[in-house]
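Each remark here refers to the structure printed beneath this line.
The values are calculated or read from the model by the stated rules, or taken from the named source; none is laboratory data. This is a predicted model, so every value here is computed, not measured. Ideal geometry is used to build each Cβ from the backbone, glycine not excepted, and the neighbour counts take in all protein chains shown. With ligands, DNA and RNA removed, areas are computed over all heavy atoms of the protein, side chains included. Shrake-Rupley method; radii C 1.70, N 1.55, O 1.52, S 1.80 Å.
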Amino acid sequence: MKINIKARGRCLQALGLSCMGLVLSASAQSPSPHPDVVVGEQQTLGGELIHLTNGTLRIKPCEGEMARVTFVAGPTIPDLSNPAVSDAACTPAAFSVHDSAGAIEIETAGLRIGVNRNTGSVRFSDAQGDAMLAETDWPFPRSITPTVTDGQAVNQASVWFALTPLERLYGLGQHQSGILNQRNLQVMLSQDNTNISIPFFISSKGYGVLWNSGAVTDWNNRFRQVLAIRSNDADAVDYYYIAGPSFDKIIAGYRRLSGAAPLFPRWAYGFWQSKLAYSSREQLLGVAAKYRALHIPLDNMVLDAGWETGFGSREFTQAYPDPKSMVEQLHDEHVHLMVSIWPLFQPGNRNYDDFNAKNEFVTLGPDHLPPYLAGSRLYDAFSADARGIYWEQAKKSLYDIGVDAFWMDSTEPADLYAEEHGPMLAGAKTAAGDGSKVANLFPLMTTAAIYDGQRRQPEDKRVFILTRSAFTGMQRNAAAAWSGDTLTTFDTLKRQIPAGLNYSLTGLPYWTTDIGGFVGGDTTDPAYRELFVRWFEYGAFCPVFRAHGARQNNQNELWSFGESAQEILTRYDRLRYRLMPYIYMLAGKTTHEGYTPMRALAFDFASDSKALDISDEFMFGPSLLVAPVTELGATSRRVYLPKGTDWYDFWTGQRIAGGQTIDRAAPLSVLPLYVRAGSILTLGPEEGYTGEHPSAPTELRIYPGADGDAKLYSDDGLTYGYEKGQYAWLPMHWNDASRTLTIEARQGQFAGDPESREFHVLLVTPGHGTGEAVAEGGRRLTYTGGVQQMQLQK
C-alpha cells in the first residue's frame with residue numbers, strides 16, 4: 001500500500017518512510033493554514049487527497065467542526081452527488097497539515113483528523129485532542145468490493161468504526177424495536193411501512209455520522225465494540241463527521257448539510273381529525289360541524305381512502321359532489337382539509353395516460369406488485385419532468401379548489417412490490433439509474449414534487465405534507481412523517497415513544513402517529529377505549545397531533561368512546577391549544593435555530609447517565625417532561641426526574657428535587673407531566689381553533705427555583721414572509737433571587753404584529769397555576785415595547 005500527498009502547485013518532499021508496505025510523501029516543513037489543499041487535477045474538489053495502493057482517500061474539512069471522508073477504489077474521486085445532501089453546504093474550513101512518525105494530522109480550529117500511516121484509518125478528535133471516533137485498524141478500516149445486487153454487478157462499500165464501551169448511539173430513523181439506544185443491534189436501513197430508515201446516528205460522546213448513500217444499508221453493531229456500515233450498489237465509502245458536543249449542535253450541522261426545516265402553517269400545530277374513510281361529503285362536513293357544536297378544538301380534517309375514483313385519477317367520487325364548495329364550507333368554519341394521494345396510478349384515467357405517454361413510470365416487473373395493485377404503475381419521482389407532472393395533476397384537482405395540505409401515503413413505496421421480491425425498487429430502472437442505488441431516496445424525491453410545485457405558486461401559502469416514510473433531507477420539503485400502519489395494542493403504543501425519539505435524533509423534527517393505532521380498534525371495547533385515551537394523552541405532546549385509529553369500526557371522533565373518555569380527550573385537546581404559544585415558539589426555534597421539539601432526555605441531560613437510556617420519557621421543548629402511561633389498567637407509573645434541576649408537577653404544583661425516581665399516581669385522566677424549575681411557560685386562551693382569540697392575554701406561569709429564559713415567536717402564520725425577515729421574538733428572563741420578570745425589547749417585526757400585548761403573570765405554587773384551565777389570580781402586565789419588569793412576591 002502506498003500513500004502520497006500533493007499540495008496546490010507543488011509536490012511535497014518525499015520522506016520515503018515505509019510502514020507495512022505503505023509509503024508516505026509529506027511536507028518536511030510545517031505548512032501554514034490554507035483553505036484548500038488539493039491533488040493534481042482534483043483542484044475543484046478541495047480537501048486533502050491521499051493516494052493508497054488500493055484506492056484514494058479524501059478528507060474535506062468543513063466549517064462548523066465537520067468533515068467529509070470519501071474513499072474510492074480508483075485514482076480520482078468521481079461525481080458522488082446525492083440529492084439528500086448538498087456538498088456545497090460543506091463550506092471548506094481553513095486547515096493545516098502536519099506530519100508525524102505515525103500519522104498525517106489535519107487540524108482546523110475545532111477539529112483534529114488523523115490518518116494512520118500504517119493502515120490508512122481515519123480518527124477524529126476535538127480541539128483539545130480528546131479522541132471521539134476512529135475507523136478500525138484491523139482487519140482494515142474500509143473496503144470497496146465487487147458484488148451482485150438485483151442480478152447486477154455492483155460495488156459494496158463498507159467502513160468499520162471502533163466504539164468505546166459506554167457510548168450510546170441514537171437515531172437511524174424510526175424503527176419498531178422499542179429500544180432507544182441502538183448499541184449492540186443490527187438494523188437494515190431499508191424503507192418499509194412502520195420503519196423509516198435514515199443513515200444518520202448520534203453518539204452520547206458528542207458526535208454524529210451521516211452516511212452519504214441512498215442504497216439499502218446494513219448498520220451492524222452486534223460485535224459490540226465495532227460498528228460496521230455496508231451498502232450494496234455504492235461506488236464509494238462516503239460519510240460526514242459532525243462534531244458536537246451538544247446534540248443540538250450536531251443536528252444543526254446535519255441540517256446545514258441537508259436543509260433547514262420550514263415552518264408549517266400555524267394551524268398545522270393544532271388537532272387533526274382523521275380516519276380511514278368518510279363515506280360522503282355530508283359525513284365529513286357533519287363531523288366538522290359537530291366538533292364546533294361541542295366546542296372541541298379542531299383545525300384540520302383529513303380525507304384518506306375512498307375519495308378517488310381510482311389510484312392516481314385525482315377525481316372525486318360521486319359521494320363528494322362539488323368538492324370546491326365542500327372545502328369552502330370547511331374554511332367558513334375555520335377547518336382545513338388535507339387529502340391523501342399515492343404515487344401509484346391505475347390504467348384507465350387521464351393521469352395514468354399522461355405519465356405513460358411521456359415514459360415517466362418506474363420500470364418494474366409485473367411480479368413486484370401484490371394482486372390488489374396489479375396493473376398499476378409507480379411514477380418516477382427521480383425524474384424532474386415526472387415530479388412536475390405529479391404536482392400539476394395534484395394542483396389542478398386539489399390545490400386549485402382550496403385543499404390546504406397533502407397526505408402522501410405509501411412513499412416507501414412498500415405497497416408497490418411483493419415482499420418476497422426483496423427491497424423496494426429492487427431491479428427497477430429510474431431516471432437516476434438502478435433502483436437499488438437510490439432505493440431509500442424515494443420519499444425525499446416525491447415530497448419534493450409537491451413542495452417545489454407549491455412554492456412556485458403566487459399565493460405564497462405554506463406547504464404542509466404528511467408522509468409515511470422519510471429520508472435524509474426530507475425536512476426541507478415541509479414534510480412530517482407518521483409511524484405507519486401500527487397495531488392497536490399497548491405494546492405498540494410503548495414502542496412509539498423510542499421510535500419517535502430516534503426519528504427526532506436523526507435530525508427530522510416533525511413526527512406523529514396514528515393515535516389509537518391503525519390495524520384493529522373497536523370503540524365499543526373498554527380495553528381499546530383505554531388505549532385510545534392513553535395514546536391521545538401522549539399524542540398531545542407530539543410535534544403533530546393527529547388521531548387516525550379505530551379501523552375496525554371506522555369511528556374515532558372524540559365522542560366515539562363514551563362520555564367519560566370524551567371528557568378526558570377534550571381536556572387534553574384543550575391543553576394542546578392552551579400551549580399553542582409555547583408550541584409555536586418551538587416551531588420558530590426549529591426553523592430559525594435548528595432546534596428539535598421532541599427530545600430524548602440525552603439532549604438536555606447528557607451528563608446524567610441515568611437519563612441516557614430512558615426510552616419512555618421525553619422533553620417537549622425546554623420546559624416540559626412527558627411520561628406517557630403505556631400499560632393496560634395502570635393507575636400509576638414510575639418517573640425518573642433528571643438531576644441538575646428541580647421539577648414541578650404540572651397538575652398539582654408540587655416541587656420535587658431532580659435526580660430521583662418517583663411513583664406518580666396516574667389514573668386514566670392523568671398523564672404524568674413535569675415542568676423544569678426556572679421555566680416561564682407561555683399559555684394562550686381556550687380556543688376552538690388556532691388564532692380564534694388573537695388579542696387574548698398570554699398567561700406566563702413562572703416556576704421558581706432557578707433563573708430562566710423564554711421567548712415568544714410570532715409571524716403571520718400563513719406565508720413565507722418569515723424567510724424575508726418578517727417575524728418577531730419577544731425574549732423574557734426570570735431572576736429567581738430577586739423574583740423579577742424582565743420582558744426584553746421586541747426583536748423584529750411583521751405586518752399585523754400588535755403594538756401591545758397583555759400578559760397574565762403568576763408564580764406557580766401548590767394548587768395555584770396548575771392544570772389546563774386558565775389560572776386565576778396573578779398580576780396583569782401590558783407590554784408596549786422596550787424593556788419592562790415586574791417583581792413578584794414569594
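Calculated on C-alpha atoms, the gyration radius of segment 248-314 divided by its Kirkwood radius gives an Rg/Rh of 1.18. Simple spin-label estimate for ASP137 and THR164 gives 1.8 nm between the two label positions (7 Å along the Cα-to-Cβ direction from each Cα). Computed from Cα positions, the angle between helix 384-397 and the longest principal axis of the chain comes to roughly 10 degrees. Here is the list for segment 593-650: GluC sites (Glu not before Pro) lying in DSSP coil, each with at most 16 other C-beta atoms within 10 angstrom of its C-beta, are GLU631. The helix-only estimate of mean residue ellipticity at 222 nm for the chain, built from DSSP H runs of length n ≥ 4 each weighted as -39500 (n - 2.57), is -5500 deg cm²/dmol after division by the residue total.
Rounded to the nearest whole Hz, the Karplus-based 3J(HN,Hα) values (6.51 cos²θ - 1.76 cosθ + 1.60, θ = phi - 60°) of segment 663-676 follow the sequence 9, 10, 4, 9, x, 3, 7, 10, 9, x, 9, 10, 10, 5, with x at glycine and proline. Of the residues ALA634, TRP651, THR698, the one whose Cα sits farthest towards the positive end of the charge dipole of segment 628-700 is ALA634 (charges of +1 on Lys and Arg Cβ, -1 on Asp and Glu Cβ, taken about the Cα centre).
Note that segment 145-217, at 37 °C in a medium of 0.692 mPa s, gets a Stokes-Einstein diffusion coefficient of 236 µm²/s from its Kirkwood radius over C-alpha pairs. Were the residues from GLN747 through LEU276 laid out at 0.36 nm apart, the gain over their Cα-Cα distance would be 165.1 nm. Remark: segment 254-270, residue by residue, has Karplus-estimated 3J(HN,Hα) of 4, 6, 5, 7, 10, x, 6, 9, x, 6, 7, x, 4, 5, 5, 8, x Hz, where x stands for each Gly or Pro and the curve is 6.51 cos²θ - 1.76 cosθ + 1.60 at θ = phi - 60°. Which angle from 0 to 90°, rounded to the nearest 10, does the C-alpha axis of helix 442-455 make with the longest principal axis of the chain? The angle comes out near 60 degrees. By accessible area, using a 1.4 Å probe on protein heavy atoms only, segment 96-182 has 55% of its surface on carbon and sulfur. For semi-axes √(5λ) of the Cα gyration tensor in Å, which listed value, (1) 43, 31, 28; (2) 44, 34, 24; (3) 63, 35, 24, comes from the coordinates shown? Among (1) 43, 31, 28; (2) 44, 34, 24; (3) 63, 35, 24, the one calculated here is (2). Residues whose amide H comes within less than 5 Å of that of TYR727, counting only those at least five positions distant or on another chain, are GLN749 (H built at 1.01 Å from N in the peptide plane).
Take the chain with all the other protein chains still there, run a 1.4 Å probe, and you get 35 Å² of accessible area per residue. Computed from Cα positions, the angle between helix 563-578 and the longest principal axis of the chain comes to roughly 60 degrees. Counting only heavy atoms of the protein chains and using a 1.4 Å probe, ARG224 has close to 140 Å² of accessible surface. Along segment 122-132 the Karplus relation, 6.51 cos²θ - 1.76 cosθ + 1.60 evaluated at θ = phi - 60°, assigns HN-Hα couplings of 10, 10, 10, 9, 7, 4, 8, x, 6, 5, 10 Hz to successive residues, with x for each Gly and Pro.
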